[in-house]
Number of protein chains: 2
Amino acid sequence: MKKAANEIAVKQVKIQDGFWSEIQNRMIDVVIPFQEKVLKDEVPGVPKSHAIENFRIAAGLSEGEFYGMVFQDSDVAKWLEGVAYSLAVRPDAGLEERADAIIEIIEKAQQPDGYLDTYFIVKEPERRWQNLQECHELYCAGHMMEAAAAYYQSTGKDRLLHITERLADHIIRRFGEGKERGVPGHQEVELGLMRLYQVTGKENYKQMARFFLEERGKNPDYFYEEKVKRGWQHWGQYNLNPIDNTYNQAHKTIYEQDKAVGHSVRAVYMYTAMAALAGADGDRRLYDACLTLWNNIVRQRMYITGGIGSTAEGEAFSLDYDLPNDMAYAETCASIAMVFFAKKMLEIEPDGSYADIMERELYNSTISGIQLDGKRYFYVNPLEVNPGVSGKVSGYKHVLPERPGWYECACCPPNLVRLVTALGAYAWSESGDTIYSHLFIGQKAELEKAEIVVESSYPWEGRVSYRVTPKKDGSFVLAVHIPSYVKVEDEETVVTVNGEPVMLKDCLRKGYLYLERRWEENDRVEIRFAMPVRKLFANQKVREDAGCVAIMRGPVVYCFEGTDNGEDIQALRIPRQMQAEALLCREGVLKGNVLLKINGFRMKTGSDELYSEERPQKEETVLTAVPYYAWANRGENQMRVWMLEEV
Amino acid sequence: MKKAANEIAVKQVKIQDGFWSEIQNRMIDVVIPFQEKVLKDEVPGVPKSHAIENFRIAAGLSEGEFYGMVFQDSDVAKWLEGVAYSLAVRPDAGLEERADAIIEIIEKAQQPDGYLDTYFIVKEPERRWQNLQECHELYCAGHMMEAAAAYYQSTGKDRLLHITERLADHIIRRFGEGKERGVPGHQEVELGLMRLYQVTGKENYKQMARFFLEERGKNPDYFYEEKVKRGWQHWGQYNLNPIDNTYNQAHKTIYEQDKAVGHSVRAVYMYTAMAALAGADGDRRLYDACLTLWNNIVRQRMYITGGIGSTAEGEAFSLDYDLPNDMAYAETCASIAMVFFAKKMLEIEPDGSYADIMERELYNSTISGIQLDGKRYFYVNPLEVNPGVSGKVSGYKHVLPERPGWYECACCPPNLVRLVTALGAYAWSESGDTIYSHLFIGQKAELEKAEIVVESSYPWEGRVSYRVTPKKDGSFVLAVHIPSYVKVEDEETVVTVNGEPVMLKDCLRKGYLYLERRWEENDRVEIRFAMPVRKLFANQKVREDAGCVAIMRGPVVYCFEGTDNGEDIQALRIPRQMQAEALLCREGVLKGNVLLKINGFRMKTGSDELYSEERPQKEETVLTAVPYYAWANRGENQMRVWMLEEV
């Protein structure tokens, strides 16, 4: 197997897009500053963070006790990673200075042996590295490594990079073949080590990542033995109950795992690291292991919105085809992780099915996690809510009908920040003689072989153009992902290069349109396709979607809210012969979104009996659908994605 | 308002019925002897009961510690009540002797002041009557009173009756206006006191019941104040958290309560006591309060099977129209309680809608609680199960796909025993000049005005006859409940008296057919009606039944099991034009049941993709439906009551 394509650095790309620029700006203007204030305990009414103060105490700059979760450090790391991308997108000397100051504190907190975790430095120094299952030292280390690599790539500054290199060296001295055997309870260090390897080229970081991945599940009793040995527990009272190793994917080796199980974020972080390693080493066996898990997710365990992890218990994957809409967990972070995973798979093999999923996640269940004004966040992304029941009745308590504010365990907002600020890096890869465009996003990209300016009306219209300016020799291939829903045979689907039509079928392989030529300055590729409203049917094995259709237009999944459609959305029906009109919303909070008007029915029963032999009657009505990601921006109301079809 | 009709004693009726005799025999031959052994700790592998031993210890006949739940005594009481009815149905000198011996122990356990609760006698004598919220002394007392009344009525023996009279007197000395104010945490003593009143005619028992009912919710802080005052807690650690008073219906007075809320068994026991009191006193205001709650249940909060209490948390009522099929709690005991409630409402007002619900409960969600062989029991009666998910995944853990054996908290089996052994008492009431027949059950009834022999092919065929032999003057009315699903206009609906057709419409009022004449020996009423397979639609507000139909024939709700219909029952469709054939099952565990063969469809998708634009295709198939009460008798498999209709 060939090695993976090169990653693009965030600073190579400037997003200039009708859809994404605004979301990126919201991250930079609203979320990053807000999170900075939270980390510094400057926001009244928000649960105390103390995260930076913990580093100050560990650094000897402040007196006091550690406060917060055992993984509180990771909040600082995730913020720094977002800041790094944000500085690449839009330089901000003040922000950079404040980030540098925090990095200085982190450096002072680091111990002489390279150890870095404020919980254990401040609170329980004698208990370091004894509880990999629960205490997340490796998880925090991984996030700090990712932040360091990003900060170095964006700013050229290597102070944090060196801190994390010393930390990685400390970990390498302790763990590995012939040393201490162990695996992290929450995967993340594997990703951090791969990022350090990517930036520094140091093989031992990659080897350490491989150890943590391949060690996993070799001894399925590892966490239990660790618990017996140390005789204490971080969460709850010490007990010798057995440990459910499927929860953190330690039940089998990564080569034996054939189902996506357990905590969905841990799972997909691990799969992403596996794919990163497979790509770095050209490791076919490892790529096949990734593919097995990828296929299980996208073919059996993913909501149509891209949401994964359908059960609240353990924020976890459930069983094949068990996808309840009103009880979904579908954590925002898990969908973000799927974008990471898809990116790594794409770098190995430019298969449009990966890009299709990346697109599905980006336009639906990732950004559904944030209110349109950037101020409130969903951790759980249901496909149906019912006010009065959702968030209240047993089984539905995790499913909130409106986005809450900042959480104590605020994992999703900074994860969204690092995704959206780094969006440019997901849009491209370069490999040998080929530039791959994975996403239709308006932008200016400085790639190795060319500068490319993309103009896009996506996701609302199928109209994208690429203006290519080669840097040296113009002989390369531009491979553009064409989403799988685009009907290639449709006469409205047209691709031209400098106005000359391209025979699509001849150039399309596995979802990518391969345009090979000697590119010259200002060569222009135009892509046009129709964007009809589509009905989607779920596999018959998905109980909860039986008899239902979901509505999509382009990459966007739509939903139906009470605000537009009245009470009892379950009584509405989508006609078998659907007529749908797409309308740009010109005012209100949904301004700029394309809404759908659909001819439909409301079922009415004459009697108000609970059960009756009287057949309900159809009454014509016009239904309104809004993009799923934009739901719950107009107050608490009922919402459904999957709608019954008329009988 | 008139006072209620007279109750019939169990011993007045001998069930001789193709459907019910077998179930009654199973209670007498299997469940009562099994429970006796459990109570005596003679069944290896079943959680220790110790219930009789607790009485022996309290009586000073044995040494040892109390063991079991704080309400362990009630297991003995419920068994004795079942035994009492069983002795009326089929005398058994050995059983009666053993019951007498247990009653003797109970008598010895009773304290000189009349107090009787082995937990507090043996374990915490200083804590008597301090924790009405949790400790169920009044609950246990109520069950013992019911047992005593039943035992007296069946055997004429008054030893247990006197024990419970002394107990009631003890309670009356302690609680009431101008004495200690208090209400039980789990209602039941109100029913017990009303039964004692019924048997002894002593007004103060009825007045005590009225106090407990009317005191409820007058001070909504009562349980909290009680907790603060005593400073200890029975379940869990002592805390001063507020108490959710909706859980046990203490949030408002009984006259203010307009929704059925909280623990469904507590609720309906209370409503039943309210109706019993309303009937005994001819109290219109109280009857109206009952009616409000009755209507809320049957119009907004009841499954089509009669199951009530749709949420597992608190085994409780949820919200109007919130009736999830796969997460239903629908406890067997709650459906049994609905039969009690319906009976008391019918005694006040012979309205067929009460009898319809009684019938719905009896043929569906009560007896679904027991395996056909009588050996295993459902506490939870879902309308959909999915093996792998039901009983396992978060939210569905309480929903078992097969009946388990004996539970530690074995409330439902003895409740089924006392329902089914006393079935004759539910079939009739007598009031003034009228005999009411509420149920079509084959039997010989010795009523005040007449001996009536009923022959019935119910529930499988609409063919019932009444042979009437008046006792004195034959001038009375025989009022027979005609189920509301029977089409009165249908030409197959025929009622004759001695072969002479009766003009149905002229005689039918509120679901009862009033036959007034001077009855003579062997007068014969014949009732015939067609029993087509019916499709039922749920109210559009019931989200979980949207687009679905349920199938009934006569009073029996049907369901579809995997064993008969293959995998993925959600992919099956009921045709809009349904053709259904009813077939008597002649072999196997379902022998004697009428099964349905229905022309139907299975939806098939060409692709195995999770989501696809490809419309699923219909494939014709024959569906098999089995009576809901008989589900889960052929191994673990998928089951659904509500089925999608074809599109």
Need the full-extension length gain, B:Asn241 to B:Glu256, defined as separation in residues times 0.36 nm minus the C-alpha distance. One decimal, nm. 2.9 nm
Per the helix-only model, chain B has a calculated mean residue ellipticity at 222 nm (DSSP H runs of ≥4, -39500 (n - 2.57) each, divided over all residues, rounded to the nearest 500) of -10000 deg cm²/dmol
Residue mean of other protein chain beta carbons inside 10 Å, A:300-306: 1
If we hang a label 7 Å off Cα along the beta carbon direction at B:Asp29, how far is it from the matching labels on the other copies, in nm, shortest first? 8.1
Please work out the C-alpha center-to-center distance from the stretch B:351-365 to the stretch B:220-284 and express it in whole Å. 26 Å
In the stretch A:312-326, accessible area falls by at least 20 Å² from chain alone to full assembly (1.4 Å probe) for A:Glu313, A:Leu319, A:Asp322
For the stretch A:296-338 versus the stretch B:553-616, the gap between their alpha-carbon centres in whole angstrom: 29 Å
Relative to the Cα centre, what is the charge dipole magnitude of the stretch B:403-494, using +1 at the beta carbon of each Lys and Arg, -1 at the beta carbon of each Asp and Glu, and rounding to the nearest 20 debye? 340 debye
Which loop-located trypsin sites (Lys or Arg not before Pro) does the stretch A:17-86 contain, where loop means any DSSP state but H, G, I, E or B and the Cβ has at most 14 other Cβ atoms within 10 Å? A:Lys48
Take the rotation relating chain A to chain B, measure from its axis to every Cβ in chain A, and name the nearest residue with the distance in whole Å. A:Gly395, 2
Rounded if a/c under 1.5, otherwise prolate or oblate - the protein assembly as shown, Cα gyration tensor axes: prolate
In sequence order, calculated HN-Hα J values of the stretch A:592-608 (Karplus, 6.51, -1.76, 1.60; Hz; x Gly/Pro): x, 8, 8, 9, 10, 10, 10, 5, x, 9, 10, 7, 10, 10, x, 7, 9
What list of ³J(HN,Hα) couplings, whole Hz, do you get for the stretch A:381-390 from phi and the Karplus terms 6.51, -1.76, 1.60, once you set θ to phi - 60° and write x for glycine and proline? 10, x, 9, 7, 10, 9, x, x, 9, 4
Heavy-atom accessible area, 1.4 Å probe, ligands and nucleic acids excluded: residues of the stretch A:539-559 down by at least 20 Å² from chain alone: A:Asn539, A:Gln540, A:Lys541, A:Arg543, A:Glu544, A:Ala546, A:Gly547
Kindly identify residues of the stretch A:586-626 having a loss of at least 20 Å² in accessible area between the isolated chain and the assembly of all protein chains, probe radius 1.4 Å. A:Thr605, A:Asp608, A:Glu609, A:Leu610, A:Tyr611, A:Ser612, A:Glu613, A:Arg615, A:Pro616
Loop-located GluC sites (Glu not before Pro) in the stretch B:15-120 whose Cβ has at most 13 other Cβ within 10 Å (DSSP): B:Glu42, B:Glu63, B:Glu65
Positive end of the charge dipole of chain A (Lys, Arg +1 and Asp, Glu -1 on Cβ, about the Cα centre): tell me which of A:Pro501, A:Gly64, A:Tyr224 has its Cα farthest that way. A:Pro501
Honestly chain A on the Cα gyration tensor test (a ≥ b ≥ c root eigenvalues; a/c under 1.5 rounded, otherwise a/b vs b/c for prolate or oblate) is just oblate
Quick one: label points 7 angstrom along Cα→Cβ at A:Pro125, distances to the other copies in nm, smallest first? 6.0
Taking a probe of 1.4 Å and counting only protein heavy atoms, give the total accessible area buried between chains B and A in Å², rounded to the nearest 100. 5300 Å²
Could you tell me which of rounded, prolate or oblate describes the stretch A:414-465, using a ≥ b ≥ c as the square roots of the eigenvalues of the alpha-carbon gyration tensor, with rounded for a/c under 1.5 and, failing that, prolate when a/b is larger than b/c and oblate otherwise? oblate
Please give the residues of the stretch B:1-40, grouped as numeric ranges, whose backbone N is less than 19 Å from a label point set 7 Å along the Cα-to-Cβ vector of B:Lys510. B:1-8
Put a dot 7 Å past each Cα toward the Cβ at A:Tyr224 and A:Arg299; how far apart are the dots in nm? 3.2 nm
Partner chain coverage, peptide A:388-396 - average Cβ within 10 angstrom: 6
Compute, for chain B, the length of the dipole vector about the Cα centre, with Cβ point charges of +1 (Lys, Arg) and -1 (Asp, Glu) only. Units Debye, rounded to 20. 560 debye
Listed pairs B:Lys11/B:Lys510; A:Lys206/A:Lys344; B:Lys3/B:Lys471 exceeding 22 Å between Cα atoms: B:Lys11/B:Lys510; B:Lys3/B:Lys471
Could you look at chain A and say what percent of its accessible area is carbon and sulfur, using a 1.4 Å probe and all protein chains? 46 percent
Quick calc, A:Gln16 & A:Lys471: beta-carbon distance into FRET formula, R0 25 Å, rounding 0.05, result 0.80
Rounded accessible area per residue of the protein assembly as shown, 1.4 Å, Å²: 35 Å²
The stretch A:52-80 to the stretch A:494-537: how many Å between their Cα centroids? 51 Å
So the label point goes 7 Å from the Cα of A:Arg285 along Cα→C-beta, right? Which residues of the stretch A:210-240 then have their backbone N under 20 Å from it? A:210-220
Run the quick spin-label model on A:Lys618 and A:Cys585: label points 7 Å from Cα toward the beta carbon, then report their separation in nm to one decimal. 2.8 nm
Would you work out which of A:Leu196, A:Pro184, A:Leu213 lies farthest towards the positive end of the dipole of the stretch A:165-224? Charges go on Cβ: Lys and Arg +1, Asp and Glu -1. A:Leu196
Inter-copy distances for A:Ser62, nm, shortest first, label points 7 Å along Cα→Cβ, are 6.4
Partner lysines for B:Lys597 [C-alpha distance under 28 Å; skip if fewer than 8 residues away on the same chain]: A:Lys541, B:Lys487, B:Lys535, B:Lys618
So if I place +1 on the C-beta of Lys and Arg and -1 on the C-beta of Asp and Glu, and nothing else carries charge, what would the dipole magnitude of the protein assembly as shown be about its Cα centre? I want it in debye, nearest 20. 120 debye
Extension reserve of the A:Asp351-A:Met1 stretch, reckoned as 0.36 nm per residue once the Cα distance is removed: 124.5 nm
Distance in nm between pseudo-label sites at B:Lys444 and A:Lys604 (7 Å out along the Cβ direction from Cα): 5.8 nm
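The values are calculated or read from the model by the stated rules, or taken from the named source; none is laboratory data. This structure is a prediction, so every number in the text was calculated from the model and none was measured. Note that each Cβ is placed from the backbone with ideal geometry, even for glycine, and that neighbours are counted across all protein chains shown. Keep in mind that these areas ignore ligands, DNA and RNA; they rest on the heavy atoms of the full protein, side chains included. Shrake-Rupley method; radii C 1.70, N 1.55, O 1.52, S 1.80 Å.
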